[in-house]
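Some notes on the structure that comes next.
The values are calculated or read from the model by the stated rules, or taken from the named source; none is laboratory data. Please read all numbers here as calculations on a predicted model, not as lab measurements. Virtual Cβ from ideal backbone geometry, glycine too; neighbours counted across all protein chains shown. What goes into the accessible areas is simple: the full protein's heavy atoms, side chains included, and nothing from ligands, DNA or RNA. Shrake-Rupley method; radii C 1.70, N 1.55, O 1.52, S 1.80 Å.
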Amino acid sequence: RFAEINYGPWDRLANNAPFIEGVGPKPAGANFYPADMTKEEFEAAAAEDPTLRSLYTVVVRGDDGGLRAVPYHEAYAAPMQRAAEKLRAAAALAEEPGLKRYLELRAEALLTSDYQPSDLAWMDMKDNTLDVVIGPIETYEDQLFGYKAAAETFILVKDREWSERLARYAELLPMLQEGLPVPPEYKQETPGTDSDLNAYDAIYYAGDANAGSKTIAINLPNDEEVQLQKGTRRLQLKNSMRAKFDKILLPIADVLIAEDQREHITFDAFFGNTMFHEVAHGLGIKNTLDGRGTVREALREHASALEEGKADILGLYMVTKLKEAGELDADLMDHYVTFLAGIFRSVRFGASSAHGRANMIRFNFFKEMGAFERDAATGTYRVHFDKMTEAMNALSEKILRFQGDGDYEGVAAFVAKYAQVEPELQ
Ligand SMILES: [Zn+2]
């Protein structure tokens, strides 16, 4: 059973340590390349035959001992044909025209290894309730070169209510942008509305997506030509997040949140904070005020962590503002206490992860502002509502200014000061 969960004899959550005696370490190139092939041999051969680098071929040794590319639809002909038949049967039953068309084109793609037409059709599909993400998609399994896509499937049911709410909030972004706690020049850009953000329940996982840990959010397609033409779609998998909430966040809260505040740890708030994080990426500013270029270029290696930190804190800001505007039926205290519990969950990723660092910064900044306090006797933390609101606004302002100023030195000093794990939290 453990081998089935891991799709092999290596423990994916323990850096692929083998758990069956005698199997040895996992090959970096998985099964995409011959086991005895060297990188040099591959590079030399790929200079002659670019199909060796294709996302959709396996590399094998030919009779002459040289390297040869075999397209997936030939190498795995039987399972690909079977999957294509099933997709065509599903297309025959599909009522929504966009879904029908996508399923037909995807079936074709499995048989030809030409995925672009179906990726385009997938982006055109807007009114479907059911969704199927299927085919060779992500390349993480190829640790040797990152060229080869591994097959996977998700079957998803769109959460229409949440999806409609998200579309509504995206419309309110200009109002939220105006309300940001910064001087006007830091909010002069029109906020980006990425309306193709939806919530789903995942009812089936297979292959790469199902190996070891479970994917909880998808951002596709990966084909850059399709991205340029149609953008991307972000899919948040609500029931998988629910499992994470039940199995990880609640047990952490039972240890670290003041007993009388634990009733404020709710899944609605947890999921809401996650979704608002996504929408909040559209707020703020993308170019520095001095006109030198993008925030990303100016802040270099700190750019991603700061942008994620921005989305986290502005997500909470959005909840607060939408509640004030009567657009959201939520208990702010639920969102605040659940947010704090979320910080405890994420600091576990450690100071070597950008996400872990962003959470340490938030923790220390909030602590300094008195947003919460620790009871030394029980080791639990208690949120102070008013100070939490102040801390949220202050941190929002700080991050938005760093971004607008493109202040690389300032961010570096800020990270050095706040991204420390204090002993009591260790
Ligand atoms: Zn993000």
Practice task
Filter the range 50-60 down to the residues that are open to solvent by 50 Å² or more (accessible area, probe 1.4 Å) and not basic (Lys, Arg), then identify the one that is nearest to Phe32 (Cα to Cα).
Solution key: Leu55
Completion exercise
Given (1) at pLDDT below 95; (2) more than 29 Å from Glu171 (Cα to Cα); (3) more than 16 Å from the ligand (Cβ to nearest atom); (4) open to solvent by 20 Å² or more (accessible area, probe 1.4 Å), His384 misses just (1)
Handout entry: Scope the range 1-49; condition of a type in the set (D, E, K, R) and in contact with a Ser or Thr (Cβ under 9 Å, 6 or more places away or on another chain); matching residues
Key = Arg12
Practice task
Among the residues of the range 9-41, write down those that are farther than 20 Å from Thr51 by Cα and open to solvent by 100 Å² or more (accessible area, probe 1.4 Å).
Solution key: Leu13, Asn15, Glu21, Pro25
Exercise for the section: Kindly establish whether Tyr317 is within 16 Å of the ligand (Cβ to nearest atom), of a type in the set (Ser, Thr, Tyr), assigned by TED's automatic domain parsing to the domain that holds Phe245 and in contact with a helix residue (DSSP H, G or I) (Cβ under 8 Å, 6 or more places away or on another chain). Expected result: yes
Fill in the blank from the handout: Those residues of the range 272-289 which are free of Cβ contacts under 8 Å to residues at least 60 places away in the same chain and in contact with a strand residue (DSSP E or B) (Cβ under 8 Å, 6 or more places away or on another chain) amount to Thr274
Exercise for the section: Quick one: which residue in Thr190, Thr215 is closer than 30 Å to Ile137 by Cβ and part of a loop (DSSP other than H, G, I, E, B)? Expected result: Thr215
Problem - Qualifying position, being more than 11 Å from the ligand (Cβ to nearest atom) and surrounded by 21 or more Cβ atoms within 10 Å (Cβ to Cβ), among Ala298, Ala280 - result: Ala298
Practice task
State whether one or more residues within the range 237-256 are within 16 Å of the ligand (Cβ to nearest atom), within 17 Å of the chain's Cα centre (by Cα) and open to solvent by less than 40 Å² (accessible area, probe 1.4 Å).
Solution key: yes
Exercise for the section: With the checklist (1) more than 21 Å from the chain's Cα centre (by Cα); (2) within 16 Å of the ligand (Cβ to nearest atom); (3) not in a helix (DSSP H, G or I) in hand, flag the one item Gly291 doesn't pass. Expected result: (2)
Completion exercise
Scanning the range 257-277 for residues that are within 16 Å of the ligand (Cβ to nearest atom) and polar (S, T, N, Q) gives Asn273, Thr274
Handout entry: Tally of residues being open to solvent by 10 Å² or more (accessible area, probe 1.4 Å) and under 13 Å from Ala305 (Cβ atoms) across the range 331-349
Key = 1
Handout entry: Qualifying positions in the range 301-311 - under 17 Å from Val182 (Cβ atoms) and within 11 Å of the ligand (Cβ to nearest atom)
Key = Glu307, Gly309, Lys310, Ala311
Problem - helices (runs of 4 or more DSSP H) fully within the range 102-179 counting 2 or more residues that are modelled with pLDDT under 95 and more than 23 Å from the chain's Cα centre (by Cα) - result: 173-178
